[in-house]
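J.: Structure below; questions to follow.
The values are calculated or read from the model by the stated rules, or taken from the named source; none is laboratory data. For clarity, every value in this text was computed on a predicted model and none was experimentally measured. When we count neighbours, we look across all protein chains shown, and the Cβ atoms used for this are built from the backbone with ideal geometry, even at glycine. Remember, those area values only see protein heavy atoms, side chains included, never the ligands or the DNA or RNA. Shrake-Rupley method; radii C 1.70, N 1.55, O 1.52, S 1.80 Å.
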Amino acid sequence: MDVVIVRDYEEMSDRAAAIVVRAIRQKPDLVLGLATGSTPEGLYQRLIEAHRKDGLDFSRARSFNLDEYVGLAPDHEQSYRRFMNEKLFEHVNIKPENTHVPDGLARGLLRHCAEYEDMIRNAGGIDLQVLGIGRDGHVAFNEPGTSLGSRTHVTALTRETIEDNSRFFDSPDQVPRFAVTLGIGSILEARKCIVLASGAGKADAVRATVEGPITSAVTASALQMHPDTVAIVDEAAAANLERTDFYRWQQENWDRIADKL
Ligand code: GLP
């Protein structure tokens, strides 16, 4: 996994946006894997700016979100579908029918999970997957202990995740207990992944993800097996990493060979 250490949240968002913008320009019908949470919000703001100011064209782009709460309607204030509509989709020219978020109200959730996988496959697979990480090192809603080969599935949320996400609800009681999520095995099939992390609260998770053993106890650590993943982390989130000298050195020297890649 490549690690890029940046100053702060703003620089993390700039770096991530540069990668996504380049990918859309290179492949206008890009299949984007998208994440919710506060971490990618800055990235989405920059994509909106790139659309408004530089005409970044989403008209052929397709998107698949990682996860959705079970039991929340698409227009529920805290549903991930609504988050995506409000934070990105409504502000760019992506076609609504080309955006996909698992349906938390689907009847026959297991069938829905299999269909969601089929839709991704039929779209040609995810070209570029954006990921945040939970404090316990989960990606999407793949909580500790989830099989590293898992496919899209229904999962219970841990108490920690419910607590973390309760800041968006009136109380922890209102946070749904279950979610539909892409599995780790599904995420690993994306051609490229960008993992974003910001703030001291993510420092343990980042260390375990990047330098810890590959373990289902930290599902993000499975990305160490992925051939093309870059972790863009700010200094606070990188605070517990051990090999920072190497990451910085690699970053500084990268430009010298960039034109040969
Ligand atoms: C939730 C989401 C994850 C997200 C994580 C971190 O659990 N399912 O996709 O990465 O929260 O959220 P935040 O970016 O708000 O810290």
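J.: Looking at the range 32-43, can you tell me whether even one residue there is surrounded by fewer than 19 Cβ atoms within 10 Å (Cβ to Cβ), touching a residue at least 24 places away in the same chain (Cβ under 8 Å) and touching a Leu at 6+ places or on another chain (Cβ under 8 Å)?
T.: So far as the range 32-43 goes, no, none of its residues is surrounded by fewer than 19 Cβ atoms within 10 Å (Cβ to Cβ), touching a residue at least 24 places away in the same chain (Cβ under 8 Å) and touching a Leu at 6+ places or on another chain (Cβ under 8 Å).
J.: Next question. For the range 122-228, which fully contained strands (runs of 3 or more DSSP E) count at least 1 residues that are open to solvent by 40 Å² or more (accessible area, probe 1.4 Å) and out of contact with any helix residue (DSSP H, G or I) (no Cβ under 7 Å at 6 or more places or on another chain)? Break it down into steps so the answer makes sense when it comes.
T.: Working: elements: 128-131, 153-156, 178-181, 192-197.
Correct list: 153-156, 178-181, 192-197.
J.: Could I ask something else about it? Could you list, in sequence order, the residues of the range 174-193 that are away from the ligand (no atom under 12 Å from the Cβ), of a type in the set (A, V, I, L, M, F, W, C) and in contact with a strand residue (DSSP E or B) (Cβ under 7 Å, 6 or more places away or on another chain)? So that I can check it myself, show each step before the final result.
T.: Going through the range 174-193, the residues away from the ligand (no atom under 12 Å from the Cβ) turn out to be 174, 177-178, 183-186, 188-193.
Restricting the remaining residues to those that are of a type in the set (A, V, I, L, M, F, W, C) gives 178, 184, 188, 190, 193.
Listed by number, the residues that qualify are PHE178, ILE184, ALA190, CYS193.
J.: Only one of these conditions is not met by PHE89: (1) buried (at least 20 other Cβ atoms within 10 Å of the Cβ); (2) of a type outside the set (Asp, Glu); (3) closer than 18 Å to LEU182 by Cβ. Which number is it?
T.: Result: PHE89 passes all but (3).
J.: Got a number for residues in the range 1-58 being among the aliphatic types (A, V, I, L, M) and farther than 28 Å from LEU241 by Cβ? Working first, answer last.
T.: Filtering the range 1-58 for residues among the aliphatic types (A, V, I, L, M) gives 1, 3-6, 12, 16-21, 23-24, 30-32, 34-35, 43, 47-48, 50, 56.
The next check asks that each one be farther than 28 Å from LEU241 by Cβ; those that pass are 24, 30-31, 48, 50, 56.
Of the residues in the range 1-58, 6 are among the aliphatic types (A, V, I, L, M) and farther than 28 Å from LEU241 by Cβ.
J.: Among ALA140, ALA205, which is in contact with a Lys or Arg (Cβ under 6 Å, 6 or more places away or on another chain) and either in contact (Cβ under 8 Å) with a residue 12 or more places away in the chain or small (Gly, Ala, Ser) (or both)? Before you say what the answer is, go through the steps one by one.
T.: Numbers: ALA140 fails: in contact with a Lys or Arg (Cβ under 6 Å, 6 or more places away or on another chain).
Matching residue, one of ALA140, ALA205: ALA205.
J.: Could I ask something else about it? If the Cβ limit is 6 Å and pairs must be 6+ apart or interchain, which residue in the range 98-125 that is modelled with pLDDT of 95 or more and among the acidic types (Asp, Glu) pairs with which residue that is open to solvent by less than 20 Å² (accessible area, probe 1.4 Å) and assigned to a loop (DSSP other than H, G, I, E, B)?
T.: Listed by first residue and then by second, the contacts come to GLU117/THR152.
J.: Answer yes if at least one residue in the range 29-41 is part of a helix (DSSP H, G or I), under 30 Å from ARG177 (Cβ atoms) and out of contact with any Ser or Thr (no Cβ under 6 Å at 6 or more places or on another chain), and no otherwise. Walk me through how you get there before you give the answer.
T.: Narrowing the range 29-41 to residues part of a helix (DSSP H, G or I): 41.
Those still in the list that are under 30 Å from ARG177 (Cβ atoms) too: 41.
Retained after the next criterion (residues that are out of contact with any Ser or Thr (no Cβ under 6 Å at 6 or more places or on another chain)): 41.
Yes: the range 29-41 contains one or more residues that are part of a helix (DSSP H, G or I), under 30 Å from ARG177 (Cβ atoms) and out of contact with any Ser or Thr (no Cβ under 6 Å at 6 or more places or on another chain).
J.: Read through the list (1) in contact (Cβ under 8 Å) with a residue 24 or more places away in the chain; (2) touching a strand residue (DSSP E or B) at 6+ places or on another chain (Cβ under 7 Å); (3) farther than 22 Å from ARG25 by Cα, then give the number of the only condition that PHE83 fails.
T.: So the condition that PHE83 fails would be (2).
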